[in-house]
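In what follows, a structure is listed as structure tokens, so that the remarks can point back to it.
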């Protein structure tokens, strides 16, 4: 009999939102046991500032599991100036991380990429996106389970939509993944920046167990696929 899976990240978020007097004890116990994406918590709920695109820049949004890895991977590409972690695809305005983790807002962990289309194209960003996560797992990325981890490519124009569909076709035909792509193709509406402590989390917490065991392999996978488009050729060395 298959052992039932427990979504500790969602459990952790729900405990944080509760008024249970035992909350602090339970949270502390879970913190000792777990090293998932949800444990990069801070009491500061201040959202990061959302920068405006510079002249000549374009903006793209992708959701591919925990945003820590996707932010880092995209940030290493030539032509990408900045990447912001946040939330998109849902209906709740200005959601908090705990609300998104509760899977009641409809949002997915998403990154917003500011890039120079003269240096890197939207199609190349899509190649990085499909290499940097598993687009064939529905509402899940590795140990992270829930709709907030679903795979989404957001488009702003009919041309971007066509490029996403073409990238999905390429990915399926490559047989790189055993199963077909389940990435949602969604028109962009609004992006809410995540709390400041989530920004650049991968680079700031290289020894965090989740970063080392879950995020790092995703970033390395993206780097390998995009070897000719990296800002530098220095390989990541956080794995002993």
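Return yes when residue 131 is under 30 Å from residue 195 (Cβ atoms), in contact with a helix residue (DSSP H, G or I) (Cβ under 7 Å, 6 or more places away or on another chain) and modelled with pLDDT of 95 or more and no when it is not.
yes
Would you pick out the residues in the stretch 73-104 that are under 20 Å from residue 186 (Cβ atoms), in contact (Cβ under 8 Å) with a residue 24 or more places away in the chain and part of a loop (DSSP other than H, G, I, E, B)?
89, 93, 94, 95, 103 - these are the residues of the stretch 73-104 that are under 20 Å from residue 186 (Cβ atoms), in contact (Cβ under 8 Å) with a residue 24 or more places away in the chain and part of a loop (DSSP other than H, G, I, E, B).
Within the group 9, 54, 3, 49, which residue is surrounded by fewer than 15 Cβ atoms within 10 Å (Cβ to Cβ) and modelled with pLDDT under 55? Step through it out loud before you land on a result.
Numbers: 9 fails: surrounded by fewer than 15 Cβ atoms within 10 Å (Cβ to Cβ); 54 fails: modelled with pLDDT under 55; 49 fails: modelled with pLDDT under 55.
Being surrounded by fewer than 15 Cβ atoms within 10 Å (Cβ to Cβ) and modelled with pLDDT under 55 holds for just one of 9, 54, 3, 49, which is 3.
Search the stretch 146-176 for residues being modelled with pLDDT of 95 or more and in a loop (DSSP other than H, G, I, E, B), and hand back the single one that is nearest to residue 85 (Cα to Cα).
150
Just name the residue that is surrounded by the most Cβ atoms within 10 Å (Cβ to Cβ) out of those in the stretch 104-113 that are farther than 14 Å from residue 231 by Cβ and modelled with pLDDT of 95 or more.
109
Name, by its number, the condition in (1) without any contact (Cβ under 8 Å) to a residue 24 or more places away in the chain; (2) touching a helix residue (DSSP H, G or I) at 6+ places or on another chain (Cβ under 8 Å) that does not hold for residue 195.
Unmet condition: (1).
The values are calculated or read from the model by the stated rules, or taken from the named source; none is laboratory data. All values derive from a computational prediction rather than experimental measurement. With ideal geometry, Cβ positions are generated from the backbone for all residues, glycine too; neighbour counts draw on all protein chains shown.
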